[in-house]
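Read through the structure below, which is laid out as structure tokens, and then see the notes.
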Amino acid sequence: MSKIYLTLKKEGKTEQFEGKDGKMHDCLWTINRKITGNMQLSGATINSEARYIDFTLPTEVEKLPRDAKPVDNETAEKLWASDSHYFGE
């Protein structure tokens, strides 16, 4: 199982929060899914739909899966500010 980070996009806008740095950051959630394929072309099933997973960005969804867990804003801000640009484990 791999941890996948998600962002929620409704009506063309993502849910956001203001960080301690004064910048706006997208809210993050995590889910655990079995990854299929190799690292260049990997995918997972999210909301009963096969989705390509790019671990350098959170996966955008219009509806959160039932098992999605919110990432606290402090951790989300650190992830967005990180130079690693890696949103998966």
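The values are calculated or read from the model by the stated rules, or taken from the named source; none is laboratory data. What you are looking at is a predicted structure, and each value in this text was computed from that prediction instead of being measured. Surface areas here come from the heavy atoms of the whole protein model, side chains and all, with no ligands, DNA or RNA. Shrake-Rupley method; radii C 1.70, N 1.55, O 1.52, S 1.80 Å.
By the helix-only formula, in which each DSSP H run with n ≥ 4 contributes -39500 (n - 2.57) and the sum is divided by residues, the chain has a 222 nm mean residue ellipticity of -3000 deg cm²/dmol.
Largest to smallest in accessible area, the residues Trp80, Trp29 fall in the order Trp80, Trp29 (1.4 Å probe, all protein chains included). Here's the list of lysines a cross-link from Lys78 could span, going by alpha-carbon distance under 23 Å and ignoring same-chain residues fewer than 8 apart: Lys3, Lys9, Lys13, Lys20, Lys23, Lys69.
Accessible area per residue (1.4 Å probe, heavy atoms of protein chains only) ranks Met24, Met1 as Met1, Met24, with the largest value leading.
In summary, the lysines within cross-link reach of Lys10, defined as a Cα separation below 16 angstrom excluding same-chain residues under 8 places away, comprise Lys63. Among the listed values (1) 0.96; (2) 0.93; (3) 1.75, the one matching Rg/Rh (Cα atoms, Kirkwood Rh) as calculated from this structure is (1).
Stretched out straight at 0.36 nm per residue, the stretch from Glu62 to Lys20 would grow longer than its current Cα-Cα span by 12.4 nm. Here the 3J(HN,Hα) profile of region 10-16, calculated from phi with Karplus coefficients 6.51, -1.76 and 1.60 at θ = phi - 60°, is 10, 6, x, 10, 9, 5, 10 Hz, Gly and Pro shown as x. Would you mind telling me the share, in percent, of accessible area of the chain contributed by carbon and sulfur at probe 1.4 angstrom? The computed percentage sits at 49.
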